[in-house]
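The values are calculated or read from the model by the stated rules, or taken from the named source; none is laboratory data. None of the values given here were measured: they were computed from a predicted structure. When we count neighbours, we look across all protein chains shown, and the Cβ atoms used for this are built from the backbone with ideal geometry, even at glycine. Ligands, DNA and RNA are excluded from the accessible area calculation, which covers all protein heavy atoms including side chains. Shrake-Rupley method; radii C 1.70, N 1.55, O 1.52, S 1.80 Å.
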Amino acid sequence: MDPTKAGSEEQADVERRARQEPNNPVLRTRLAAIELQAGKVRQAAVDYEVALARAPNSLPTLLALVQLYSGPAPDLKRARELARQAHELAPDDGEVSERLGRILSRTGDYKWSLDLLQEARLALHNPADLAYDLALAYANAGQISAAESTLRDANLPPAQREAAQLLASMLSAIENPAEAPAVWPAARRLLETD
């Protein structure tokens, strides 16, 4: 059963079984997915945490919690802790490296973020949606030309293209301060639309 598409009968069955077997990590994970789909974010976090306590090496549960804590139930410290744990379990998994790299970037650990995003880029065969985050990681690590090159070489989806062009212009302005006044109007326009 796909918990995100559970009907009311299936949902009731999972809830009943989870009450009967509260320490069953599979049931708690399914229940958490159903709760998340229903918008019960805090309860989903509780159930995922219970599942993780019962099965601490469950990569899918770790990744679900990382996703939850870096989004709908923001707790970047916990997300980072869980992502680090996931990376220890699967150090060669590009998806895990990507998630941890993005979280580390948001928490200011740019050096490790850059290392992980580079690993993810190789493991995931240079996905376009990673280019923007990788360019930011390069820029935050002081590698401006690498950031510009990453953006220039990326085949970004249209939704990210304008933001990437603006970032490239801003990066260029860092190396050529005379360009900065020309970048400001575009930056302001983009920030006002988001």
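Would you check if there is a residue in segment 46-57 being under 20 Å from the mean Cα position of the chain (by Cα) and over 20 Å from P74 (Cα atoms)?
yes
Go through (1) over 21 Å from A137 (Cα atoms); (2) open to solvent by less than 80 Å² (accessible area, probe 1.4 Å); (3) within 20 Å of the chain's Cα centre (by Cα) and name the single condition A18 misses.
Every condition holds for A18 apart from (3).
Tell me, which residue of segment 145-162 that is surrounded by 16 or more Cβ atoms within 10 Å (Cβ to Cβ) and within 20 Å of V183 (Cα to Cα) is nearest to the chain's Cα centre (by Cα)?
Q160
Has segment 46-53 got any residue that is surrounded by fewer than 17 Cβ atoms within 10 Å (Cβ to Cβ) and over 30 Å from E119 (Cβ atoms)?
Yes, segment 46-53 contains a residue that is surrounded by fewer than 17 Cβ atoms within 10 Å (Cβ to Cβ) and over 30 Å from E119 (Cβ atoms).
Taking the residues in segment 174-188 that are under 28 Å from the mean Cα position of the chain (by Cα) and free of Cβ contacts under 8 Å to residues at least 24 places away in the same chain as candidates, determine which candidate is most open to solvent (accessible area, probe 1.4 Å).
Across segment 174-188, the extreme among qualifying residues is R188.
Checking the conditions here, which among A135, A141 is more than 23 Å from L63 (Cβ to Cβ), at pLDDT below 90 and open to solvent by 30 Å² or more (accessible area, probe 1.4 Å)?
Every option except A141 fails the conditions.
For segment 148-168, does any single residue satisfy the condition of being closer than 30 Å to D75 by Cα and not in a helix (DSSP H, G or I)?
Scanning segment 148-168, I find at least one residue that is closer than 30 Å to D75 by Cα and not in a helix (DSSP H, G or I), so the answer is yes.
Do you know which of the residues in segment 79-92 that are surrounded by 18 or more Cβ atoms within 10 Å (Cβ to Cβ) and out of contact with any Lys or Arg (no Cβ under 7 Å at 6 or more places or on another chain) is farthest from K40 (Cα to Cα)? Please lay out each step first, then the result.
Restricting attention to segment 79-92, the residues satisfying the condition of being surrounded by 18 or more Cβ atoms within 10 Å (Cβ to Cβ) are 79-80, 82-83, 85-87.
Then keep just the ones that are out of contact with any Lys or Arg (no Cβ under 7 Å at 6 or more places or on another chain); that gives 79-80, 82, 85-87.
On the way: A79: 18, R80: 22, L82: 21, Q85: 25, A86: 24, H87: 27 Å.
My answer is H87.
Is it the case that some residue within segment 93-109 is acidic (D, E), surrounded by 15 or more Cβ atoms within 10 Å (Cβ to Cβ), in a helix (DSSP H, G or I) and touching a Gly at 6+ places or on another chain (Cβ under 9 Å)?
The answer is no; no qualifying residue exists.
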